[in-house]
Amino acid sequence: MRYIIGVGAQKAGTTWLADYFRQHPQVHVPIIKEVHFFDTVYRPDLCAGFEHGFLQRYQQQAQMLKPYDIRHHTEQLQRQDELLARLRMGHDMERYRAFFSDRMQPGEIMACDITPAYALLDEPGFQAMARLSPDLRIIFLLRNPVDRFWSALRMWGGQRPNMDIDTALEQELRNPQHQLRGDYPRTLALLRQHFPEEQIHVEFFEALFTPESIQRICTFCGIDYLPPATDKIIGEGKPYPLAPEQRQRIRDHLRPIYGWAETNFGQRLPARWRQDMED
């Protein structure tokens, strides 16, 4: 079986890309989207809570099931089945494989797991991922570092309505999860250490929502090109203005990432990145 693995980055268009693949007749994307297998197994220090989260979702959604869902095997019941299969998966790679193979439909040739937390993996995690299949397709989406950080902070802030944004900004700049999720050089270096270059595709968020970008991704994955719904917005957080001094604080903290990007991508860098590099 062939796999597409999305390793992040968080708030860089992964949900939109998963939705695109979900509409594609040659790709199987789980209803729950983020499977959180490799991160919960190999980064339990940062990601063990995801397994508990699956259990909470399973318990909560079980109470919402109705006889109609069971009789007609609705998406609600399918989601419940997936959650149970994910809980049973544990740390077993064969159950991870079966999670996809048991659900793939005729015509689907690629199993797709897009879990941004895989960017947190260290060497053992990527080594294990490489053992999954000799023909993995790894997709890594990059977003302007300031915008990615701010979007993630807004998302977390939505879960904490009384959060003081200035205090949270300083705290999250020092948060190991935020640092690793935005450390593109580290993630890409580890990917290149464990996968040949032809199995890794890097795309920029700022160019993602275009036919040209999706054509590149489809060619890379070995699937037919399906025109994307480029005006479809998924997973966009509530708008919250970023004050100039806050932007400057984040940019100063993330400046090494811009230097790395300039060296590695040069003219490929989107204008949004260059604006922050030049200000």
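The values are calculated or read from the model by the stated rules, or taken from the named source; none is laboratory data. Since the model is a prediction, treat every value here as computed from it, not as a measurement. For neighbour counting, all protein chains shown are included, and Cβ atoms are generated from backbone atoms with ideal geometry for every residue, glycine included. Just so you know, the surface numbers come from the protein's heavy atoms only, side chains and all, with ligands and any DNA or RNA stripped out. Shrake-Rupley method; radii C 1.70, N 1.55, O 1.52, S 1.80 Å.
Looking at segment 254-279, I want the residues that are touching a residue at least 40 places away in the same chain (Cβ under 8 Å) and have a partner that is of a type in the set (S, T, N, Q) with Cβ atoms under 8 Å, at least 6 apart or on another chain. Which pairs are those? Close Cβ pairs (under 8 Å, with a partner that is of a type in the set (S, T, N, Q)) amount to 270/144; 272/144; 273/144; 276/144. Counting only helices (runs of 4 or more DSSP H) wholly contained in segment 112-201, the ones carrying 3 or more residues that are under 24 Å from residue 94 (Cα atoms) and open to solvent by 10 Å² or more (accessible area, probe 1.4 Å) occupy 123-132.
Taking the residues in segment 1-57 that are among the β-branched types (Val, Ile, Thr) and under 21 Å from residue 156 (Cβ atoms) as candidates, determine which candidate is modelled with the lowest pLDDT. So the residue we want is 32.
The condition of being open to solvent by 70 Å² or more (accessible area, probe 1.4 Å), under 26 Å from residue 112 (Cα atoms) and part of a helix (DSSP H, G or I) holds for residue 219. The lone criterion from (1) of a type in the set (S, T, N, Q); (2) within 22 Å of residue 117 (Cβ to Cβ); (3) modelled with pLDDT of 95 or more left unmet by residue 61 is number (3). Among the residues that make up segment 39-61, is at least one of them assigned to a loop (DSSP other than H, G, I, E, B) and under 27 Å from residue 188 (Cα atoms)? Checking segment 39-61: at least one residue is assigned to a loop (DSSP other than H, G, I, E, B) and under 27 Å from residue 188 (Cα atoms).
Identify all residues within segment 268-279 that are open to solvent by less than 90 Å² (accessible area, probe 1.4 Å) and in a helix (DSSP H, G or I); write none if there are none.
Just the residues of segment 268-279 that are open to solvent by less than 90 Å² (accessible area, probe 1.4 Å), to begin with: 269-271, 273-274, 276-277.
Within segment 268-279, 271, 273, 274, 276, 277 meet the criteria.
Filtered by the rule that a residue be out of contact with any helix residue (DSSP H, G or I) (no Cβ under 6 Å at 6 or more places or on another chain), of a type in the set (Lys, Arg) and surrounded by fewer than 16 Cβ atoms within 10 Å (Cβ to Cβ), segment 59-110 gives 66, 71, 88.
Just to be sure before I move on: is residue 113 in contact with a helix residue (DSSP H, G or I) (Cβ under 9 Å, 6 or more places away or on another chain) and at pLDDT below 95 in the structure I sent? Taking the combined requirement at face value, the residue does not satisfy it.
Can you find even one residue in segment 256-267 that is in a loop (DSSP other than H, G, I, E, B), open to solvent by 40 Å² or more (accessible area, probe 1.4 Å) and at pLDDT below 95?
no
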